[in-house]
Amino acid sequence: MKIMFMGTPDFAVVSLKALFEAGHEICAVVTMPDKPKGRGHKMAHTPVYEAASEYAVTVYTPENLKRETFEEILKSHNPEVIVVVAYGKILPEYVLSFPKYGCINVHGSLLPKYRGAAPIQRSIIDGCKVTGITTMYMEKGLDTGDMLLKEEVEITDEDNFETLHDKLAKTGAMLIVKTLESLKNGTCIPEKQNDDESCYAHMITKETCLIDWSKDAFSIHNQIRGLSPFPKAFTYFNSKQMKILSSAVSNKNHNDICGKVLEVSKDSFTVSCGNGTTLEIYSIQPEGKKIMSVSDYLKGNSIDVNTKLGVIV
C-alpha cells in the first residue's frame, strides 16, 4: 500500500518507524516547517523530519495545504492512503478525498471520548483509569469520522503525561499497522461514532496549569500528573511562580484554609486542599530554576509552615 505520512512530534515518529519496519511503501512524508528552538533560537527540524531523514523518502514542510501549493505534491506521489498522526494542521476536503483508501488518523483516546487537541493530558487530569488509541477515517468534522480499530491502555497511578504518551505512541504504531493490513484485505469494518457519548479535550492553556487549592487533593494530584513534565502545573510561592511535577495524596486530613503549607519534611511538604484533603509535594521547579526534588531545594532554601500558596502579594 502506497502511503503518504503526515505527522510532526515524537508521538508520530513511533508510527512512522513502525510503518517502515512493517515493509510499507512510504512515498512521502509531510511535516510542519522548521521552528526556532532552545536559548539560541536556532531553526530546528521536527522530530518526524529527523526520523524520516533516516530513510530514503522525500520530506515536505509546506507552510499551508492550500490547493495551489499542495495539490501538485499529492498528484506527483498519488498515495493510496494518507496516514495522519498529530500533524498539526486541518486537512482540506480536497486532501481528505484524494487517496483511494482515504485519510486515516491515529487518535490518542477511545473515541468518541476526548475528541480534540489534548486527549492524553485530559484523560489523566479527569482521573480516568483507562484510555487508548482509535484509528479512524478523517472527515471535515474534528475527530468525528468513522472508527476503524481500537486498543485500550491502562492509566496506572504512577502514570504522568510523559509515560502515558509513550505507551500510547507504541500502541498507536501497532494499531496503524494492523489497520492498514485489515483495510488491504477487506476485513476492517468502519463504525460510526455516537455523538451523544462524545466529550472534547480542550487545548492546554495557562489557566489549565494554575492550581486551585480549593479543589480536593485527588483532583490536584491528577492535574499535576497530567501536566508533567510539560507544560507543568504551577502555583505561587512567595509571589513567585513554582511549578510542581510530582505529588502524592496524603492520608492526613485538615480543617484549615486551603493552600497552606501544613508540614515540611526532609523530602516533601504537605499542602491543605479542598474537602479537608492534603497533598504531599515531592518535585518542583522554582521560577527561573531547573527542576529539582524538594529535598534538594530545601538544602539551600526554606519553606515555612503556614505559608500560603497561590497568593501573589
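Every number in this text was worked out from the coordinates using simple rules, so none of it is lab data. What you see is a predicted model, and the numbers here were worked out from it, not measured in a lab. Every residue, glycine as well, gets a Cβ built from its backbone with ideal geometry; the counts of neighbours run over all protein chains shown.
Data table
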{"item": "Karplus-derived HN-Hα couplings along the range 107-114 (A = 6.51, B = -1.76, C = 1.60, θ = phi - 60°), whole Hz, x at Gly and Pro", "result": "10, x, 7, 8, 4, x, 6, 6"}
{"item": "Relative contact order, percent, the range 17-95 [alpha-carbon distance under 8 Å, six or more residues apart]", "result": "29 percent"}
{"item": "Which of Val249, Gly288, Phe98, positive extreme of dipole for the chain (C-beta unit charges)", "result": "Gly288"}
{"item": "Residues whose placed amide H lies under 5 Å from that of Met6, excluding near-sequence neighbours", "result": "Val30, Val83, Val84, Val85"}
{"item": "Anisotropy class of the range 25-127 from Cα gyration tensor, a/c 1.5 cut", "result": "oblate"}
{"item": "Neighbourhood charge, 11 Å Cβ-Cβ cut-off, centred on Tyr101 and excluding it, Lys, Arg +1 and Asp, Glu -1", "result": "+2"}
{"item": "Coil-residue GluC sites (Glu not before Pro) of the range 210-313, DSSP, other Cβ within 10 Å capped at 16", "result": "Glu287"}
{"item": "Relative packing of peptides 73-79, 243-249 - highest average C-beta neighbours within 10 Å first", "result": "243-249, 73-79"}
{"item": "GluC sites (Glu not before Pro) lying in DSSP loop within the range 124-190, provided at most 15 other Cβ fall within 10 Å", "result": "Glu158"}
{"item": "Phi to ³J(HN,Hα) by Karplus 6.51 cos²θ - 1.76 cosθ + 1.60 over the range 152-159, Hz, x for Gly, Pro", "result": "7, 9, 6, 9, 7, 5, 8, 5"}
{"item": "Entries of Lys37/Lys178; Lys37/Lys170; Lys150/Lys215; Lys89/Lys232; Lys37/Lys100 with Cα pairs more than 28 Å apart", "result": "Lys37/Lys178; Lys150/Lys215; Lys37/Lys100"}
{"item": "Given charges at Cβ of Lys, Arg, Asp, Glu: the chain dipole, positive-most of His202, His77, Pro33", "result": "Pro33"}
{"item": "Counted charge near Gly288, where neighbours are those whose Cβ lies closer than 12 Å (Asp, Glu -1; Lys, Arg +1)", "result": "+3"}
{"item": "Listed residues Gly226, Thr270, Met4: farthest to the positive end of the dipole of the chain (Cβ charges)", "result": "Thr270"}
{"item": "Computed helical MRE - 222 nm, the chain, DSSP H runs ≥ 4 contributing -39500 (n - 2.57), nearest 500", "result": "-8000 deg cm²/dmol"}
{"item": "Magnitude of the charge dipole, the chain, Cβ model with Lys/Arg +1 and Asp/Glu -1, debye to 20", "result": "780 debye"}
{"item": "Neighbour-limited loop hits for GluC sites (Glu not before Pro), the range 1-55 (at most 12 other Cβ within 10 Å; DSSP other than H, G, I, E, B)", "result": "Glu54"}
{"item": "DSSP-defined antiparallel bridges as percent of all bridges, the chain, nearest 5", "result": "65 percent"}
{"item": "Within-11-Å neighbourhood charge of Cys258 [Cβ basis; K, R +1; D, E -1]", "result": "0"}
{"item": "Amide H contacts of Asp216 (H built 1.01 Å from N, under 5 Å, at least 5 apart or other chain)", "result": "Gly274"}
{"item": "Listed values (i) 5, 24, 33, 25, 10, 2, 0; (ii) 6, 22, 21, 10, 5, 6, 9, 10, 7, 3, 1; (iii) 6, 24, 28, 20, 14, 7, 1, entry calculated as P(r) over Cα pairs in 10 Å bins from 0, in percent", "result": "(iii)"}
